[in-house]
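Okay, structure first, notes after.
The values are calculated or read from the model by the stated rules, or taken from the named source; none is laboratory data. Just so it is clear, the model here is predicted, and its values are computed rather than measured. Positions of Cβ are generated from backbone atoms using ideal geometry, with glycine treated the same way; all protein chains shown enter the neighbour counts. For accessibility, only protein heavy atoms count, side chains too; no ligands or nucleic acids. Shrake-Rupley method; radii C 1.70, N 1.55, O 1.52, S 1.80 Å.
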Amino acid sequence: MSAKQDDDLNARLSRVRVVLVNTSHPGNIGAVARAMKNMGLTQLVLVNPAEFPSGEARARASGATDLLEQARVVDSLDAAVADCAVVLGASARLRSIPWPSLDPRAAAERVLDTTESAQAALVFGRENNGLTNEELDRCNYLVHIPANPEYSSLNIAAAAQVLVYELRMSLLDQLGRRDNRFHSDQPRATAEDLERLYAHLQQTLTELDFLKPSAPRQIMRRLRRLYGRAELDRMEINILRGILNATRDKLAQAKTEESER
């Protein structure tokens, strides 16, 4: 990854906040901090934790104690997410009342849409019964991990790891596409350019006896898909057609030499 990509990655992840509501077991706070640090997140906010600071939290953080030291403790979810443009609440259950619900991958994309310029929050509820309906009402979206329906309950740290992993992977993919996408110095080939290439290609392959004139469709359809994925520019079209012309010239020359023998 380039230095610019690394800076962009850190800047975007710094705008994502993990909020834990009424966590009962301090070890879970440490485990979530560890999951966050694994994926490069730094903002941890705790809403009325049962015990914090805690030696057990520090032990479970396993090197992510800096996140615990800078964690904010607040007395309400409203205070935790007041400055966030989008709030996503993790929920093991889907509500009977229709509410926008996303899987972790889609949730990551939604968070990334926000963190170009604003704060986003991932909210996790209590170990025993999650977030209340009133707390879920504070969320723009619910995030539901499609786990085994026969055993769908995840530990908070495990759920957090899934979400922050998907977030990091989506962001790496997005930054990679943005910075590594090839930009041609030539105009893109038009549909008409491509149709001329395909006609030229089919004619040449037929002359080479590679295609059967009676049934060329299957191979040509696959070749269309191949070149369609390449998103050719006009110079590349011209090069390919030049190769086809040279091939046909050589074929014609070989046929002439054979007939003169």
Going by what's in this entry, would Asn10 be described as polar (S, T, N, Q), open to solvent by 70 Å² or more (accessible area, probe 1.4 Å) and closer than 29 Å to Gly176 by Cα? yes
Within region 214-229, is there a residue that is out of contact with any strand residue (DSSP E or B) (no Cβ under 7 Å at 6 or more places or on another chain) and under 30 Å from Asp6 (Cβ atoms)? yes
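Could you identify the single residue in Leu232, Leu251 that is under 22 Å from Glu192 (Cα atoms), surrounded by 10 or more Cβ atoms within 10 Å (Cβ to Cβ) and modelled with pLDDT under 95?
Details: Leu251 fails: under 22 Å from Glu192 (Cα atoms).
So the residue among Leu232, Leu251 that is under 22 Å from Glu192 (Cα atoms), surrounded by 10 or more Cβ atoms within 10 Å (Cβ to Cβ) and modelled with pLDDT under 95 is Leu232.
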Every residue in region 34-81 that is surrounded by 14 or more Cβ atoms within 10 Å (Cβ to Cβ), within 25 Å of Cys139 (Cα to Cα) and among the basic types (Lys, Arg), please. Arg34, Lys37
Among the helices (runs of 4 or more DSSP H) lying completely within region 36-120, list those that include at least 1 residues that are of a type in the set (Val, Ile, Thr) and within 17 Å of Val16 (Cα to Cα). 77-81, 104-114
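For the structure I just gave you, tell me whether Asp6 is part of a helix (DSSP H, G or I), under 19 Å from the mean Cα position of the chain (by Cα) and either charged (D, E, K, R) or modelled with pLDDT of 90 or more (or both).
Values: part of a helix (DSSP H, G or I): yes; under 19 Å from the mean Cα position of the chain (by Cα): yes; either charged (D, E, K, R) or modelled with pLDDT of 90 or more (or both): yes.
Spelling it out, Asp6 is indeed part of a helix (DSSP H, G or I), under 19 Å from the mean Cα position of the chain (by Cα) and either charged (D, E, K, R) or modelled with pLDDT of 90 or more (or both).
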Need at least 1 residues that are within 23 Å of the chain's Cα centre (by Cα) and more than 30 Å from Glu127 (Cβ to Cβ) per element, so show me which helices (runs of 4 or more DSSP H) inside region 151-252 make the cut, counting only ones lying wholly within it. 156-180, 217-230
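Going through region 121-148 one residue at a time, which ones are open to solvent by 40 Å² or more (accessible area, probe 1.4 Å) and assigned to a strand (DSSP E or B)? Don't jump to the end; show me each part of the working.
Of all residues in region 121-148, those open to solvent by 40 Å² or more (accessible area, probe 1.4 Å) come to 126-129, 132-134, 137-138, 140-141, 144, 146, 148.
Arg126, Tyr141 - these are the residues of region 121-148 that are open to solvent by 40 Å² or more (accessible area, probe 1.4 Å) and assigned to a strand (DSSP E or B).
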The one condition in (1) open to solvent by less than 70 Å² (accessible area, probe 1.4 Å); (2) touching a strand residue (DSSP E or B) at 6+ places or on another chain (Cβ under 7 Å); (3) under 30 Å from Glu109 (Cβ atoms) that Gln186 fails to fulfil: (3)
